[in-house]
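The values are calculated or read from the model by the stated rules, or taken from the named source; none is laboratory data. Not measured: the values here are computed from a predicted model. Neighbour counts run over all protein chains shown; Cβ positions are idealised from the backbone, glycine included.
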Amino acid sequence: MAYSKGKIAGTLFFIAASQFVLGLTVAEALYPSYSISDNYISDLGIGPSSMIYNSSVFLLGLLVIIGTYFLQQTFNFKPLTILLVLTAIGAMGTGAFTENSGAIHAIVSLMAFLFGGLSAITSYRLLKPPLSVIAVVLGLMTLGALGIYISGIDLGLGLGGIQRMVVYPILMWGAGFGGHMIAHPEKTQ
């Protein structure tokens with residue numbers, strides 16, 4: 001059975017987000033004394049579960065890049081294409097350059113966070129309400145939490161907890177956007 005490029009893109013986005021959520025959960029569970037409040041997500045990249053985390057976050061980025069190719073073929077919407085590619089490069093970089101890589105890790109992590117939030121917001125043009133509104137809200141949640149995280153404020157969640165408030169909305173959007181593309185792959189701007 002032949003699938004449309006939109007359906008392929010959606011499937012890749014859905015798998016990317018889902019496998020990373022599962023990989024993150026497994027990596028956290030296998031890391032002794034890991035605290036989602038006290039530990040950064042990237043601590044998983046240098047800890048005992050580093051192989052699981054690093055391969056999962058790299059795969060997240062790789063699948064997003066491939067999915068973006070098919071998305072661009074479907075919609076020819078370059079602003080979203082550029083933002084998704086930058087997000088994917090950031091995710092892949094996070095897996096390749098762990099937190100003990102210094103500034104490069106901070107840069108690629110910021111790329112993934114910032115451009116992931118902007119991708120969610122920009123995707124509203126390809127969506128109809130209520131999903132278009134949800135995408136904008138999730139993107140704004142990521143960007144707001146990123147600002148709070150960068151300022152060093154943790155809102156009582158710990159820096160690991162506030163970092164998750166940056167990442168989780170992007171992942172929720174990615175899975176939802178992917179599901180939308182699977183269900184409505186032929187839709188154009």
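Cβ-Cβ distance below 9 Å, separation of 6 or more or different chains: which pairs start in region 102-117 with a residue that is farther than 16 Å from Ala135 by Cβ and end on one that is assigned to a helix (DSSP H, G or I) and among the acidic types (Asp, Glu)?
Hits for this filter: His105/Glu99; Ala106/Glu99; Ser109/Glu99.
Quick test for you: out of Val167, Val85, pick the one residue that is under 17 Å from Asn39 (Cβ atoms), within 12 Å of the chain's Cα centre (by Cα) and not in a loop (DSSP other than H, G, I, E, B). Spell out the reasoning first.
Working: Val85 fails: under 17 Å from Asn39 (Cβ atoms).
It is Val167.
Do we find that Ile36 is among the β-branched types (Val, Ile, Thr) and over 26 Å from Gly160 (Cβ atoms) in this structure?
no
From the residues in region 1-46 that are part of a loop (DSSP other than H, G, I, E, B) and among the aliphatic types (A, V, I, L, M), which one is surrounded by the fewest Cβ atoms within 10 Å (Cβ to Cβ)?
At the first step, the residues of region 1-46 found to be part of a loop (DSSP other than H, G, I, E, B) are 1-4, 31-40, 46.
Narrowing the set further to residues that are among the aliphatic types (A, V, I, L, M) leaves 1-2, 36, 46.
Values: Met1: 2, Ala2: 5, Ile36: 15, Ile46: 15.
Among them, the one singled out is Met1.
I'd like the full set of residues that are within 13 Å of Thr98 (Cβ to Cβ) and either in contact (Cβ under 8 Å) with a residue 40 or more places away in the chain or basic (Lys, Arg) (or both), limited to region 47-82.
Scanning region 47-82 gives Ser50, Tyr53, Asn54, Ser55.
Here is a check on your reading of the model: is Ser101 in contact with a helix residue (DSSP H, G or I) (Cβ under 8 Å, 6 or more places away or on another chain) and either surrounded by 18 or more Cβ atoms within 10 Å (Cβ to Cβ) or among the small types (Gly, Ala, Ser) (or both)?
Values: in contact with a helix residue (DSSP H, G or I) (Cβ under 8 Å, 6 or more places away or on another chain): no; either surrounded by 18 or more Cβ atoms within 10 Å (Cβ to Cβ) or among the small types (Gly, Ala, Ser) (or both): yes.
The answer is no for Ser101.
For Asp154, only one of the following conditions fails: (1) of a type outside the set (S, T, N, Q); (2) in contact (Cβ under 8 Å) with a residue 12 or more places away in the chain; (3) at negative phi. What is its number?
Evaluating Asp154 over (1) of a type outside the set (S, T, N, Q); (2) in contact (Cβ under 8 Å) with a residue 12 or more places away in the chain; (3) at negative phi leaves (2) as the failure.
When you check Ile41 against the structure, is it out of contact with any His (no Cβ under 6 Å at 6 or more places or on another chain), of a type in the set (A, V, I, L, M, F, W, C) and touching a residue at least 60 places away in the same chain (Cβ under 8 Å), yes or no?
yes
Check Thr87, Thr142, Thr74 and return the single one that is within 27 Å of Ala9 (Cβ to Cβ) and at pLDDT below 95. First the steps, then the outcome.
Values: Thr87 fails: at pLDDT below 95; Thr142 fails: at pLDDT below 95.
Matching residue, one of Thr87, Thr142, Thr74: Thr74.
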